[in-house]
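Novice: So that we are looking at the same thing, I have put the structure below in structure tokens.
Read-outs: derived from the displayed coordinates by stated rules, not from any lab. Note that this is a predicted model, so its numbers are computed, not measured. Here the Cβ is made from the backbone with ideal geometry for all residues, glycine too, and neighbour counts use every protein chain on show.
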Amino acid sequence: MASTQTATPTTRTRTSGDGAATLTREQLITLLNEDLAREYQAIIGYVVYSQVLKGAAFMNIAAELEKHAGEELQHALIISKQIDYLGGMPTTTANPVKTSERAEDMLRFDLDNENETIRNYRERVRQCEALGEYAMAEHIRDILVTEQDHQISLATALGKEVPDVTAPRERA
Ligand SMILES: [Fe+2]
Ligand SMILES: [Fe+2]
């Protein structure tokens, strides 16, 4: 589902005189609401997967996912606060959560979502700074630290390398 979260016309950037892409505050509100919908998705995914993952091999990661659920809730609160500060209304809609009978699938869905989340927050930090919203950029940097922990624990549980998501996301 990560691949369906492409830019909409409302999130397209314009280019300022110095060549840096800048947004309006309205566009930032829209993007933060997309971030919030991903945080809700993460909460739901971690709540469900942490309880249904079965088997000795997944006991440790199931406990880890339960911890992630609480951290994603904190992120949702922080992002909602930023949206309200900008004069927007926080969304009440979560991105859809995939389900599977297979533990590996569930962990891979989580990892894909974390990758997409990290890619977006890295972009968001730059966008906040371009708008002079330095405190907001700091909040998002703090969130990023936890998302990277999530990414590492999922990749480790799956026996994968931690994916490189530093490349800028392609814009439609
Ligand atoms: Fe999060
Ligand atoms: Fe996360």
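Novice: If I ask for residues that are among the small types (Gly, Ala, Ser) and free of Cβ contacts under 8 Å to residues at least 40 places away in the same chain, which ones from the range 109-150 would you list?
Specialist: Of everything in the range 109-150, those that are among the small types (Gly, Ala, Ser) and free of Cβ contacts under 8 Å to residues at least 40 places away in the same chain turn out to be 132, 135, 137.
Novice: Now for a different question. So which residues in the range 67-109 are acidic (Asp, Glu) and within 16 Å of ligand 2 (Cβ to nearest atom), if there are any at all?
Specialist: Across the range 67-109, the qualifying residues are 71, 72.
Novice: Examine the range 153-161 for a residue that is polar (S, T, N, Q), assigned to a helix (DSSP H, G or I) and either within 14 Å of ligand 2 (Cβ to nearest atom) or within 17 Å of residue 28 (Cβ to Cβ) (or both), and state whether such a residue exists.
Specialist: yes
Novice: Return yes or no: is residue 36 surrounded by fewer than 19 Cβ atoms within 10 Å (Cβ to Cβ), within 14 Å of ligand 2 (Cβ to nearest atom) and in a helix (DSSP H, G or I)?
Specialist: No.
Novice: Within the range 51-78, which residues are in contact (Cβ under 8 Å) with a residue 60 or more places away in the chain, farther than 17 Å from residue 151 by Cβ and of a type in the set (A, V, I, L, M)?
Specialist: 78
Novice: Right, something else. For the range 49-70, which residues satisfy the criterion of being assigned to a helix (DSSP H, G or I), under 13 Å from residue 105 (Cβ atoms) and more than 16 Å from ligand 1 (Cβ to nearest atom)? Step through it out loud before you land on a result.
Specialist: So in the range 49-70, the residues assigned to a helix (DSSP H, G or I) come out as 49-52, 56-70.
Within this subset, residues satisfying the condition of being under 13 Å from residue 105 (Cβ atoms) are 49, 52, 58.
Residues satisfying the conditions are 52, 58.
Novice: Specify the residue that is surrounded by the most Cβ atoms within 10 Å (Cβ to Cβ); the eligible residues are those in the range 93-133 that are outside any helix (DSSP H, G or I) and within 13 Å of ligand 1 (Cβ to nearest atom).
Specialist: Top of the filtered list is 95.
Novice: Can you confirm whether residue 60 is among the polar types (S, T, N, Q) and buried (at least 20 other Cβ atoms within 10 Å of the Cβ)?
Specialist: no
Novice: Just to be sure, is residue 29 surrounded by 13 or more Cβ atoms within 10 Å (Cβ to Cβ), β-branched (Val, Ile, Thr) and within 14 Å of ligand 2 (Cβ to nearest atom)?
Specialist: No.
Novice: What's the total number of residues in the range 74-92 that are more than 12 Å from the chain's Cα centre (by Cα) and either within 11 Å of ligand 1 (Cβ to nearest atom) or assigned to a helix (DSSP H, G or I) (or both)?
Specialist: Number satisfying all stated conditions: 9.
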